[in-house]
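Quick notes on the structure that follows.
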Amino acid sequence: MELIATAESVEQAKELLHAGVDVLYVGEDEFGLRLPTSFSKEEIKEIVDIAHAEGKKVCVAVNALLHNDRIEKVIPYLQYLQSIHVDSVTVGDPGAIHLMKQNGLTIPYIYDAQTMVTSANQVNFWAKRGAIGAVLAREIPYKELNEIQRQTMVPVEVLVYGATCIHQSMRPLVQNYFNYVGDDKEVVNERQLFLSEPKKEHTHYSIYEDRNGTHIFASDDVSLLTQLSKLDAIGIHKWKLDGIFAKGDRFVQIARVFDEARTALTNGNWTDAIMQRLHDQLLELHPVGRTLNEGFFLKKPEDVQ
């Protein structure tokens, strides 16, 4: 079982490794989507060196939709990542994959096209073209996950903790709004804005804005802590922790919770009591004002609309 986690700073990256994380997921928002922070190339190299010294890995996000202004920059960036021995990258743009092959880049890539990765056939299509894994969409129920896992040629990654993006616009919608009303646009960077439906006071669609535009997240964050034994049983062992809204030491402690759950499962000690204790800890650590549930995991495929 492999724990993959985002990092918001070099210092947090170190702490996450000590908390049991196996793969750090970082990047620069020129090429990667919805990252807790945008790291410079020098910072990524520092994180790679730290992780490798601990016997751990680094995966770099290169999964943005690359328009002409950026597709020309992606090869020098990937060449740099290969030179510092990054373990893998996530890529979702077929143009970037084509350029990697055309330029003889051998850096391993994981296919990540966000909500589009919903079938074993799609995963296998890219596996036959060099992908060493795939990131599954976050809207896939357990029944379909089981079917996909049995048919894929490469390992698949599933979100077990974090927020789910439900809409992306390449336009900086919030920035444009504040520019229009003449308000302080610095509030955009605080990333505490959200949308709420007038007749549903508990809705909380968080808004995040970066180099890649405006991203809107589901009202409920995902936690599959109580479902880890099911993932283990069907052989899905790449578990992603996304800390875009869980900050600092709280996210490190959340990683420790999932590491303890993994240890219990691996040792055959997983019990309802342990699961409940860890679930209670997770609820205490989860950001105030944000709610948690299993997302689409427990839904029947026919009920997904």
Practice problem: Enumerate the pairs (first residue in the stretch 114-138 and at negative phi; second residue anywhere and at pLDDT below 95 and in a helix (DSSP H, G or I)) with beta-carbon separation below 6 Å, excluding pairs fewer than 6 apart on the same chain, so at least 6 apart or on different chains. | Solution: A137/T115
Practice problem: Answer yes if at least one residue in the stretch 241-257 is more than 22 Å from T164 (Cβ to Cβ), out of contact with any helix residue (DSSP H, G or I) (no Cβ under 8 Å at 6 or more places or on another chain) and not hydrophobic (A, V, I, L, M, F, W, C), and no otherwise. | Solution: yes
Quiz prompt | Unmet requirement for F178, which otherwise passes all of (1) modelled with pLDDT under 70; (2) closer than 29 Å to V10 by Cβ; (3) outside any loop (DSSP other than H, G, I, E, B) | solution = (2)
Self-check item: Count - residues of the stretch 219-247 that are modelled with pLDDT of 95 or more and either of a type in the set (A, V, I, L, M) or more than 24 Å from K299 (Cβ to Cβ) (or both)
Solution: 8
Quiz item: Here are some residues: L35, L17, L3. Which one is touching an Asp or Glu at 6+ places or on another chain (Cβ under 7 Å), within 24 Å of P94 (Cα to Cα) and either at pLDDT below 95 or not basic (K, R) (or both)?
Solution: L35
Quiz item: For the stretch 5-22, how many residues are surrounded by fewer than 22 Cβ atoms within 10 Å (Cβ to Cβ) and in contact with a strand residue (DSSP E or B) (Cβ under 7 Å, 6 or more places away or on another chain)?
Solution: 2
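What helices (runs of 4 or more DSSP H), lying completely within the stretch 216-289, carry at least 3 residues that are surrounded by fewer than 22 Cβ atoms within 10 Å (Cβ to Cβ) and of a type in the set (S, T, N, Q)?
Output list reads 248-266.
The values are calculated or read from the model by the stated rules, or taken from the named source; none is laboratory data. This one's a predicted model, so the numbers in the text were calculated from it and none came from an experiment. With ideal geometry, Cβ positions are generated from the backbone for all residues, glycine too; neighbour counts draw on all protein chains shown.
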